[in-house]
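For reference, the structure I am asking about is given below.
The values are calculated or read from the model by the stated rules, or taken from the named source; none is laboratory data. It should be emphasised that the depicted structure is a prediction, and the values quoted were computed from it without experimental measurement. Positions of Cβ are backbone-derived with ideal geometry, glycine not excepted, and every protein chain shown enters the neighbour counts. The accessibility values were calculated without ligands, DNA or RNA, using every heavy atom of the protein model including side chains. Shrake-Rupley method; radii C 1.70, N 1.55, O 1.52, S 1.80 Å.
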Amino acid sequence: MRATTVSIVALTSAFAALTSALTTARPPTSSGQTCCRALKAVLPDDTFIPNSTVYTAEYQNFWSSTEDLNPACVFLPNTTKKVARAVQLFTRLNCQWAIRGGGHSPIPGAANIDGGVLIGTNHLNAIDINHKQGYVRVGAGNRLGAVYNALDPHNLVPIVGRYEDVGLGLAVGAGFSYLTNREGLTIDNVLNYEVVLANGKVVNANKNSHSDLFWALKGGNNNFGIVTHFHLKTFPYNGTVYGGNIIHPESAFDQVADLFYDYHTHQAVDDVLTHAMPSYNYIGATDVARAESLVVYNAPVDELPPILQPWLEVPYQNDTLSRRTYGSLAREQGDGIFNGLAVDQRLFSVYADREFLKVAWEIYLQWLRDRRDVPGLVGVHVPMPITPNQIAQGVAKGGNALGLESTDNGKSIVVILMLLNFNNLEDLPRLRAEHNALMESLVDLAKQRGVYHPYIMLTYSGAGQEAIASYGSKNVARLWKTAKAYDPTGVFQRLVPGGQKLPRA
């Protein structure tokens with residue numbers, strides 16, 4: 001759905017502060033039209049200009065209308081070689097561009113661009129299973145539903161996200177999965193990145209080749225090159241698992257708060273086959289709040305095992321629990337996603353603390369109720385744990401850029417996603433400012449109570465939140481060192497301005 005014609009970049013000028021610039025002078029960027037004419041001349045079948053059918057379909061193909069910008073053209077390559085040719089051209093002509101995978105970010109400019117070239121990875125959609133070496137090679141344009149559906153018949157599962165329509169951006173950000181409690185984050189289960197560098201060279205980054213780049217891509221986002229393919233480690237399973245969604249009413253919220261805390265500190269820690277996505281939501285139009293949580297046991301059982309039975313002991317309204325494939329679970333999570341609405345999200349982290357987590361939702365719920373008359377208002381509050389084992393898996397599998405290995409107190413870190421959906425972009429400036437102020441007040445409360453953790457998960461971060469800076473100064477310096485080694489002229493800082501960039505040194 002195309003939103004009202006408002007300049008999102010103009011409304012979010014603070015976002016520009018996230019983009020890094022080199023201290024040395026650079027030539028001015030070429031106009032988008034100049035770049036698109038040059039691209040059309042060398043790759044005519046993959047380049048689409050405004051008013052064409054393909055352009056019209058692609059430039060608004062985003063989850064949130066905050067990404068509805070106006071690129072000068074859309075480029076849809078179907079091979080790594082074509083991506084490399086385009087990057088060489090863009091670098092030579094000083095063209096700005098954006099890279100879209102699943103397009104599942106509400107940060108303006110993260111996956112689209114005004115006046116530049118939009119590279120859509122839709123046609124980089126290969127899914128090739130390597131049974132002998134235990135991985136699947138997937139093109140960067142795949143949505144996760146396609147990946148699950150390709151692997152389910154082989155009783156294999158990768159460590160990727162939980163929604164069928166989400167793309168693979170989480171594989172350079174962080175990434176929760178159904179098996180995260182056992183295997184760690186998505187980035188810790190990528191075996192190889194196929195990357196186009198700023199000079200058009202294609203390299204494979206893994207533990208044995210370009211290992212510095214391999215480490216940097218595990219959390220470093222779009223700051224080093226364009227990843228066209230991922231090798232994702234696959235894990236065997238027995239063909240079905242047991243899970244679904246459970247809905248608890250507002251009248252049970254006190255018990256639900258205890259239940260969520262039990263998951264964060266006991267269930268997820270003591271049985272690594274458990275998985276839950278605890279979630280509250282509120283719908284302004286009906287003034288209804290409820291908890292709607294995904295709960296999964298990663299084994300072919302016929303009911304939730306004892307450790308997960310508390311989810312059914314708290315009074316609930318409905319559930320969809322059954323034996324099913326991972327593809328079925330991902331498909332269910334994809335239902336009801338608010339495609340086309342305006343979205344603002346905030347994220348902060350705390351150490352698991354029963355009282356703080358309960359109070360944080362109570363404060364957010366009242367804040368939402370005070371704004372219930374905003375057209376289309378829906379608020380979602382999702383406290384998700386990063387357990388000590390998840391962190392240990394990251395270390396054991398070669399390390400990543402997130403900086404979490406310094407957390408050694410044995411407690412789960414809970415990343416708290418605050419997601420706001422609404423109809424009209426005109427409401428964005430006010431709601432974003434108020435939403436951010438609310439988050440800052442909760443951060444202050446967490447600090448006062450001694451439970452604050454500085455980590456900001458990139459894949460759930462919002463506009464203006466400097467996720468990469470939260471990795472710590474040591475890791476930021478290492479990321480900059482890697483960027484300068486592989487992109488010495490700063491192409492991916494200057495010419496790819498959107499998304500979470502490396503913080504200024």
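Under 8 Å between Cβ atoms, at least 6 apart or on separate chains: pull out the pairs that start in the stretch 238-250 with a residue that is over 17 Å from E332 (Cα atoms) and open to solvent by 10 Å² or more (accessible area, probe 1.4 Å) and end on any residue that is in a loop (DSSP other than H, G, I, E, B) and of a type in the set (A, V, I, L, M, F, W, C).
Going by the 8 Å Cβ cut-off, the qualifying pairs are N238/A299.
In addition: Could we say that I127 is in contact (Cβ under 8 Å) with a residue 40 or more places away in the chain, under 29 Å from V160 (Cβ atoms) and open to solvent by 30 Å² or more (accessible area, probe 1.4 Å) here?
no
Sticking with this one: Is it fair to say A146 is within 22 Å of I468 (Cβ to Cβ) and modelled with pLDDT of 95 or more?
Taking the combined requirement at face value, the residue does not satisfy it.
From the list V202, V195, which one is in contact (Cβ under 8 Å) with a residue 12 or more places away in the chain, open to solvent by 20 Å² or more (accessible area, probe 1.4 Å) and not assigned by the TED database to the domain that holds L294?
One residue alone meets the criteria, V202.
Okay, moving on. Quick one: would you say Q493 is farther than 24 Å from I283 by Cα and in contact with a Ser or Thr (Cβ under 6 Å, 6 or more places away or on another chain)?
yes
Of L420, L438, which residue is farther than 28 Å from S177 by Cα, in contact (Cβ under 8 Å) with a residue 40 or more places away in the chain and not polar (S, T, N, Q)?
None of the other options fit; the residue is L438.
Can you spot a residue in the stretch 1-8 that is outside the structural domain of N142 (by the TED database), within 29 Å of L341 (Cα to Cα), open to solvent by less than 10 Å² (accessible area, probe 1.4 Å) and modelled with pLDDT of 90 or more?
There is no residue in the stretch 1-8 that is outside the structural domain of N142 (by the TED database), within 29 Å of L341 (Cα to Cα), open to solvent by less than 10 Å² (accessible area, probe 1.4 Å) and modelled with pLDDT of 90 or more.
May I pose another question? Among the listed residues A268, A257, identify the single one that is surrounded by 19 or more Cβ atoms within 10 Å (Cβ to Cβ), part of a helix (DSSP H, G or I), in contact with a Lys or Arg (Cβ under 7 Å, 6 or more places away or on another chain) and in the same structural domain as Q317 (by the TED database).
A257
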